[in-house]
Structures are given as structure tokens and as C-alpha cells.
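Everything below concerns the one structure shown next.
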Amino acid sequence: MGRYALQRLIGIVPLLFIVSVLVFMFIHLIPGDPARLIAGKEATLEEINQTRVLLGLDQPLWKQYLSYMKDMFQGDLGNSIRSGLPVTEMMKSRFLPTLWLTLLSMAWAVVIGVVIGIVSAVKRNKWPDYAGMLIAISGISIPGFWLGLVLIQIFSVQLGWFPTGGIDSWKSYVLPSLTLGAGIMSMIARFSRSSMLETMREDYIRTARAKGLMEFVVVGRHALRNSLIQVVTIAGLQFGFLLGGSVMVETVFSIPGLGRMLVDSISFRDYTVIQAELLLFAAEFILINLVVDLLYGVLNPKIRYADN
Amino acid sequence: MKFKGKSWSMLSLLIVMAIVASACSSNNNNAAGSENGSSPSSSASAPSESGAAPSKNGNNPVIAVNANFITLDPHNTSDTLSITGARTMYEGLMGFDDNMQVVPVLAESYEISEDGLVYTFKLKQNIKFHDGTDFNSEAVKVNIERILDEKNNLRFRKSFAKVSKIETPDAATVVFTLSEPYNAFLNKLAMGLMISPAALTEFGTDISKHPSGTGPFKFKEWVEGDRLVVEKNPDYWQQGLPKVDSVTFKPVPENGSRIAMLKTGEADFIYPMPTEQVAEVEGDGNIVVDKIDSTIVRYITLNTMKKPYDDLKVRQAINYAIDKDAYLKVVKSGLGAKLDSTMSSKTQFYSQQPAYDYDVEKAKQLLSEAGYPDGFDAEIWGENDSESVKGMQFIKQQLELVGIKLEVKSMEGATLSDQINTPATPADAKIQMWFVSWSPSSNDADGATRGLFSSTMFPPAGSNTAYYKNDNVDKWIEDANKATDPETAKTIFADIQKQIWADAPWAFLGVDQVISGKRNNIEGVTVLPDGSINILKAEVK
């Protein structure tokens, strides 16, 4: 198990290397000239060219890539082309709000989602099932942008319970994580319901019931644990997406997170920031995938990974 | 057990989940309720319970803005918001008043030589930078030299490129000698803010994070993307100012959230005020909306070197075919003014021109005379933000009435800029019409003219995307710069505007308004016509 994890961790390095090449190529291929965008609309041609030289963008692409890699191996992600601030510093300050938002949204979404899923499966085709699925459908179909503004209108403007945005205290995170978690909660509810229903038809459930086990033990210990595998897959995937930062929620709630930074840096072709962020996302995704794989083992001994 | 490490972390995760779930569940019910109730947000402008209560933020007003601060290095700013930030802490020899007219700030007085080449400034005395060092002529010299140093590649270098010599005969006198007369020099000085030389030595390129000027506010804290906080400079040289203890700027990109902050009192002042919300808050007694004409002009460039736009009659026809009142109503929610020259009425040396009054018949007739009785197919470019798209759709509908069939091509900003600046010669240019705006950064007539209409400024060298070339205008632009007496410059610029207006290289649309919203207990915060915010006289009542 430990060795398996280690092997996977080592495997990340070549993967990230490939990602770095792809990311580098792609962002240099999209049209748009950072030197011009950064020098400003009133800049002279001479200034634009000087900016280009200063940023090293006049060099051939492979040279730019080499110097970029060289700096990266020394732990230097460079400075933002646009603001001149160190990228590492910018990412650090932007990562925390996104991480909090992700954790809080995932936390309530998973708990509530699984509960709704179980209740719906157990009370299939009865009113709790309909109610649960109604919530789930609404959660998926309500656009987050709209939900966010409605929550602000009710809880900030009318009731004054929570601030409209920002990152000043835990209160600031309540409305954004509700908004961000709604869709995920619904997805998890639907997945855990269908997965539970499938598991409940399995032979070992019939056996458990035949043994005379109480219903909550059957559901809780046997059915739930086996159906969680699918839920973990979905939750892991969503976790990865959320860590990339949600542009929509970060914009509505004025949260200085990674998503907004990415959009801002793309519109200015801030190559260094885009590269650093995309690499971070790739690394996060790979790590989460690893964790999900290991969780499979925890949930189902049959898929435990041998160390030999 | 195999999973010891993992199991404790899973356990802690579960605990976190449980805590959050208990914290969220009550709200969750309410959230579900709101979904069912689906109260439309616009109808919910019930008077807020705070009434005429004092500011939530005490004597520390909060200003919500729509963008992030990029840099606080006052010599390297290019976006209006960063300029706003810099101006709270820094001042220049000259500055702008609320109408963007140039007035002395750190300068006591100035004299310009007959030939327009020598500017002599007397400086105000006994002014100190925030770090305690003296402001004097030597400090001015250090700042201008920093800007001019090519190695620094600062965005303000071109503004001072004509400075050939700076002398400091004594601590209170600075003499600039220019290589050639430059009419806009005072405006440029109003942009050139003064940094403490001691701080520059100490922090070098990091000065952006350690601002030290002579301004009314001192730097307190800048969290990139979240807030900029400046606090009162108790030793400020203007007696009795500032009147607030601190000011916090918060980037709030979403319009709806910005206005919500104003309603809850989390923000005392917001800029920009979303135009579509102005009508909604106008009944709210706690909120005051301020509007003034800006220096931002909106227009469509017509490529005068390309058929059929090379024909003056076609360009005039397009101008007559557009209903400017309808443009303001449809695209700008009724907030704005018609553009009646090549620059805004707030810009230096503006001179009003006779309107191209909306007249479809006249437009059709001009098109027939030009040989296009049935119109033609054309293409308009613009950015992909909602206002530009809406604007282009509007133009398409207008031009359809005179037979011009317009294809709207909206592009992401950087891609569009590439399309416009890649062609090296006018002959290669593919651009036909461009739906765009302009605002001269230091509000001088030269900045509103040269880059847009001089034939030396065809892309990629400048922004003359109409590829407009008129030998008189070229010559006048140079003459105006050399005119040392403002009256002469004004006359020349009047001629320039008249000529360009008659040549119609643009379809002239409108002038934006800058619209801000504030709680009624805030006074003295103003938005200048260029969209920068002035907090010098901010006051909480």
C-alpha cells in the first residue's frame, strides 16, 4: 500500500513535465500579444518592443521554455508579467480562500447529498424520495450565478445575517459555499441514490436480511459502504474542479481566489501566472485521483493494493 | 491496521464536515425556501432596516470598485483604478481638479518661457514625505530621472521623453528644459507623482508594495485581489484634511454584489454604479447616485483607406443613419451624452461641432450618390463584453434600414488587439469598422487626437484604426504642440476638430457618464471624468 502510493507519487513528475510542455505551448499559441497589452493603449511601438525584450518574449519559444524550466527547478515561478509581483506570492494569497471555499462546499454537499441519497433509496417511490429528488433536481438546474445573487438579496440585504462577500470572517464563506455546494450536493444525492438501489438488489443484502439483521444495519453497514465507491469517485472529481477555483462564485461574492485570478490573467495574457495556475491544477488533480484510488481500498478490501 | 495514517485524516475530515453541516443546515432550509419562493431580486428593494443610521464602517469608509489594483508604483500605472490608488498617497507638481483641469499641487507657481521650452517651477515649502524626508527640488529630479531611465521601462517614460534637462538651482526651484515645445507637458506633470527618494533607494522595484508620497493618505495594507487600505496622514500639508481615519478599497467585480454592498452599508461608496440598477435605487432614501459626463468617448472607426469607406459620402451616410438618441437609450440605459466632437466636452480644448442629425432619407441619398443605392455588405469588429455586443447589434439594426448589411464579429480583447495590430501596412489591414472607445489618460487634447488621427499613428504604431490621413490635420497637430499660448493651441485644436468632424473617419456615437452610488452620510468622495476616484475630501456625517 505505502509502496503503491509512493510509486504513484513518483509517477507524478513525468506527468507534470508533459503537462508543463503542453501548457507552455498552448498559451503561447493563442493569439494576443502580452507586450502590447501590458504596455497600454497609448504605448509607442518602441515601448512595446522594449517591453517584449524585457519580458524575454522576443526569444525563440524553445529558449523561453528552457529558461522557464530552469527557474522552475529553482523554485522560482517568475513574476507576473502584468503586475510584476512574484507569482508564488500571488498564488499563496489566492489559494487559501479557494481552499476554504472548496472544503466548506464539499463538506456540506457530501453529508447532505449522501443523506438524501440514502433516504431516497430506502424510501423509494414514496414521498421522501420525491422530496429528495426534487431538491436534487433544483440544486442541479438552478444557475449558481442566480442562486448567489438571490442568497445575497435575502440573507445580506434583507436579513443582514451574512456579509455580501469578501473573506473577512467565517461568515463570509457561508453564502458562497451554499451556492457552490448546491450543484454538487444534488449530484451526489442522485449518484448515491442510484448506487444504493443497485447495491440493495445484491445477493449479500438478501443474505443479510435473511440472517435477520436489523434494517439499519443492513443499510448502514452493508449497502452504504459498498455504494460509497461511486460517490467517492464523483466527490473526488468535483473536489478537483473546485480547487481550480470557481470563477462564478468568486466573482459574485468578491472572493480573491484562483478562479478569478486565472480569468484576469488570461485576458491580459499574463503567461507566467497562467502557467503556474494550470500546473497547480494539474498537480491537484493528480493528487486527488491518487487519494480517491486509495479510498477505494479503504472502502472495499477487495481492491486493496498489494505491496509486492 | 493498514490505514492508520489515512484513518485519522478521514476522521478529522468527518469532524469538519459534521461541524459545517450543523452550521449550514439551518441556512440550508432557508435556501430551499427561497428557491420555492423565488422572489425576484429586483422587486425586493424594500427600505433597509438601517434607516438613516450612521455608517456601519464608522469613520473608515469602504469604497467598492469593479476591478483589482494592479500596481501602486505611480510611475508604472496604466489602469485607472491603480491611478486612483496611487493618487490617495502620492501627489505631483500639478494635479487635476474635479473637472480634470490642471491645477498646481506641490508647485507653488510656474512660468513657461516664450519659446515653450523652459518650464520653471517654484515648489511649496515644508512638505514632507510619509517617511519623514523633505520634499524638495532634488526629490523632483530623482523622480523624473527614474521615469526617464530606460532600464526601468516605466509606463510613464514617453510622457516625459521630451525633457532634455532638469536643473535645481535651489531647494525650492526646478527648471525643466524640453527638446521641443510640448503643449501637454503640464498635464503630463499632473500624472507624474512624486515618490520619496529615500524610499526609492530602500525598496527599489519593490516600491509598489511600500508606497511613500506626500499625499493625504498613508499606505496601510494591500492584499492583492481583496483590499487596499490607506490611513490618514496626520501631517498632511493641507490643514484640516483628510477628515476620515482611513479608507478601504474593495474590488467587487459583480455589479449585483456591488450594489448589494451599498444597500447593506458594507460599502459606503461604489463605482461604477451599474447603469441598469440606477432606476431601482433612485427611490431609496439612503442612497445617492451621482452622474457626470466622462472623458470616455464611444465611436466606430471607419477604415478610410478601404472601399467603400474611402468615399466621404459613405462615411457621412453612416453617421446620418445612426439614431444617437436611440443609441443612448438602448445601449447606455439613457445615461450618457451624444458625442459632438472628436473628444468629450470635459477634455482640454474641446470644441463643439454641428450634429449629424438622424436622417435615414439623407443617408440613403448619400449612399446613392456614392454609387451604393442598395447599400453593401460590411463587417464590424468589437470586444465580446455585453455592452459592445449590444452596441454592435444596435448598429447593425440601424444600418440595415439604409441597406448596409452588417456582420457582427465580437472577439475577446487580446485576440482583437492582435487582429488590429498584426497588419504592418494600411494595405494589409482587414479592419472595416471597429466599435470602440477612447479616453485620453491625462485628459490633454493631444492625447485625444494624435494617437487616433495622426497619419504617423497607423497600427501597429498607434490607434489610428480609421487609417485617417489629412495633411492639414497632421501639420496642425504638430503646430498645436508648439503653441506656447493656450489660446493659440485652443484655436488650432478647434480647427483640427472641425476638419476631422467634416471628414467623418468615425461614426460618432456618445460620451459615457461616470456614475457612482453612495450612502447619504458620505460626502466629498468624487469620481473624476476619467473614472478615477478622489477621496481627498471624504467625510462621514
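The values are calculated or read from the model by the stated rules, or taken from the named source; none is laboratory data. Being a predicted model, the structure only gives us computed values, none of them experimental. Using ideal geometry, Cβ is built from the backbone for each residue, glycine included, and neighbour counts are taken over all protein chains shown. The accessibility values were calculated without ligands, DNA or RNA, using every heavy atom of the protein model including side chains. Shrake-Rupley method; radii C 1.70, N 1.55, O 1.52, S 1.80 Å.
Looking at the range B:248-270, I want the residues that are of a type outside the set (A, V, I, L, M) and have a partner that is open to solvent by less than 10 Å² (accessible area, probe 1.4 Å) and part of a helix (DSSP H, G or I) with Cβ atoms under 7 Å, at least 6 apart or on another chain. Which pairs are those?
B:Phe249/B:Gly85; B:Glu254/A:Val252; B:Ser257/A:Ile152; B:Ser257/A:Val252; B:Thr264/A:Ser156
Quick one: which helices (runs of 4 or more DSSP H) lie wholly within the range B:444-513 and hold at least 2 residues that are assigned by TED's automatic domain parsing to the domain that holds B:Asn421 and surrounded by fewer than 23 Cβ atoms within 10 Å (Cβ to Cβ)? Spell out the reasoning first.
On the way: elements: B:450-453, B:471-482, B:486-503.
Hits in the range B:444-513: B:471-482, B:486-503.
How many residues are in a helix (DSSP H, G or I) and under 30 Å from B:Pro486 (Cα atoms) when one looks only at the range B:180-212?
The initial filter retains those residues of the range B:180-212 that are in a helix (DSSP H, G or I), namely B:185-191, B:197-209.
Filter once more, so that each one left must be under 30 Å from B:Pro486 (Cα atoms): B:185-191.
Residues that pass the stated criteria total 7.
I'd like the residue in the range A:261-273 that is at the interface with chain B (Cβ under 7 Å from one of its Cβ atoms) and not small (Gly, Ala, Ser) and, out of all such residues, is nearest to the chain's Cα centre (by Cα). Working first, answer last.
At the first step, the residues of the range A:261-273 found to be at the interface with chain B (Cβ under 7 Å from one of its Cβ atoms) are A:261, A:264, A:267, A:269.
After this cut, where a residue has to be not small (Gly, Ala, Ser) as well, the list is A:261, A:264, A:269.
Values: A:Met261: 15, A:Asp264: 18, A:Arg269: 23 Å.
Within the range A:261-273, the match that is nearest to the chain's Cα centre (by Cα) is A:Met261.
Hey, could you check the range A:265-293 for residues that are among the charged types (D, E, K, R) and assigned to a helix (DSSP H, G or I) and say which is least open to solvent (accessible area, probe 1.4 Å)? So that I can check it myself, show each step before the final result.
Quick first cut of the range A:265-293, residues among the charged types (D, E, K, R) only: A:269-270, A:277, A:284, A:293.
Retained after the next criterion (residues that are assigned to a helix (DSSP H, G or I)): A:277, A:284, A:293.
Working: A:Glu277: 0, A:Glu284: 20, A:Asp293: 35 Å².
The residue in question is A:Glu277.
Counting only residues that are assigned by TED's automatic domain parsing to the domain that holds A:Ser105 and in contact (Cβ under 8 Å) with a residue 60 or more places away in the chain, give me the helices (runs of 4 or more DSSP H) lying completely in the range A:169-264 with at least 1 of them.
Details: elements: A:170-200, A:203-210, A:225-243, A:247-252.
The qualifying helices (runs of 4 or more DSSP H) are A:170-200, A:225-243, A:247-252.
Counting just the residues of the range B:213-236 that are in a loop (DSSP other than H, G, I, E, B) and more than 14 Å from chain A (Cβ to nearest Cβ), which one comes out surrounded by the fewest Cβ atoms within 10 Å (Cβ to Cβ)? First the steps, then the outcome.
Kept after step one, since they are in a loop (DSSP other than H, G, I, E, B), are these residues of the range B:213-236: B:213-216, B:224-226, B:233-236.
Remaining after also requiring more than 14 Å from chain A (Cβ to nearest Cβ): B:213-216, B:233-236.
Details: B:Gly213: 28, B:Thr214: 26, B:Gly215: 27, B:Pro216: 24, B:Asn233: 22, B:Pro234: 8, B:Asp235: 12, B:Tyr236: 20.
Among those residues, the one meeting the criterion is B:Pro234.
Going residue by residue through the range B:176-197, is there one that turns out to be within 14 Å of another protein chain (Cβ to nearest Cβ), under 22 Å from the mean Cα position of the chain (by Cα) and open to solvent by 40 Å² or more (accessible area, probe 1.4 Å)? Write out each step before concluding.
Let us first name the residues in the range B:176-197 that are within 14 Å of another protein chain (Cβ to nearest Cβ), namely B:184, B:187-188, B:191.
Restricting the remaining residues to those that are under 22 Å from the mean Cα position of the chain (by Cα) gives B:184, B:187-188, B:191.
Then keep just the ones that are open to solvent by 40 Å² or more (accessible area, probe 1.4 Å); that gives none.
No, the range B:176-197 contains no residue that is within 14 Å of another protein chain (Cβ to nearest Cβ), under 22 Å from the mean Cα position of the chain (by Cα) and open to solvent by 40 Å² or more (accessible area, probe 1.4 Å).
Might you check whether a residue that is of a type in the set (A, V, I, L, M, F, W, C), crowded, with 23+ Cβ neighbours inside 10 Å, out of contact with any Pro (no Cβ under 7 Å at 6 or more places or on another chain) and assigned to a helix (DSSP H, G or I) occurs anywhere in the range B:420-442?
no
All but one of (1) in contact (Cβ under 8 Å) with a residue 40 or more places away in the chain; (2) open to solvent by 30 Å² or more (accessible area, probe 1.4 Å); (3) closer than 19 Å to B:Ser439 by Cβ hold for B:Asp79; which doesn't?
Answer for B:Asp79: the failing condition is (1).
Would you check which residues across the range A:43-64 are of a type outside the set (A, V, I, L, M) and surrounded by fewer than 20 Cβ atoms within 10 Å (Cβ to Cβ) and list them?
The first filter runs over the range A:43-64 and keeps only residues of a type outside the set (A, V, I, L, M), leaving A:44, A:46-47, A:49-52, A:56, A:58-60, A:62-64.
Result: A:Thr44, A:Glu46, A:Asn49, A:Gln50, A:Arg52, A:Gly56, A:Asp58, A:Gln59, A:Pro60, A:Trp62, A:Lys63, A:Gln64.
Is it true that some residue in the range B:130-153 is aromatic (Phe, Trp, Tyr), touching a Pro at 6+ places or on another chain (Cβ under 8 Å) and more than 30 Å from A:Leu55 (Cβ to Cβ)?
The first filter runs over the range B:130-153 and keeps only residues aromatic (Phe, Trp, Tyr), leaving B:135.
Narrowing the set further to residues that are touching a Pro at 6+ places or on another chain (Cβ under 8 Å) leaves none.
No, the conditions are met nowhere in the range B:130-153.
Residue check, A:Val247 against (1) of a type in the set (A, V, I, L, M); (2) closer than 29 Å to B:Pro253 by Cβ; (3) open to solvent by less than 50 Å² (accessible area, probe 1.4 Å), all met but one. Which one?
(3)
Would you call A:Thr102 open to solvent by less than 20 Å² (accessible area, probe 1.4 Å), in a helix (DSSP H, G or I) and more than 9 Å from chain B (Cβ to nearest Cβ)? Spell out how you get there, then give the answer.
Numbers: open to solvent by less than 20 Å² (accessible area, probe 1.4 Å): yes; in a helix (DSSP H, G or I): yes; more than 9 Å from chain B (Cβ to nearest Cβ): yes.
Yes.
Which of the residues belonging to the range A:155-186 are over 26 Å from A:Ala136 (Cβ atoms), within 7 Å of another protein chain (Cβ to nearest Cβ) and of a type in the set (A, V, I, L, M, F, W, C)?
Matches in the range A:155-186: A:Val157, A:Ile167.
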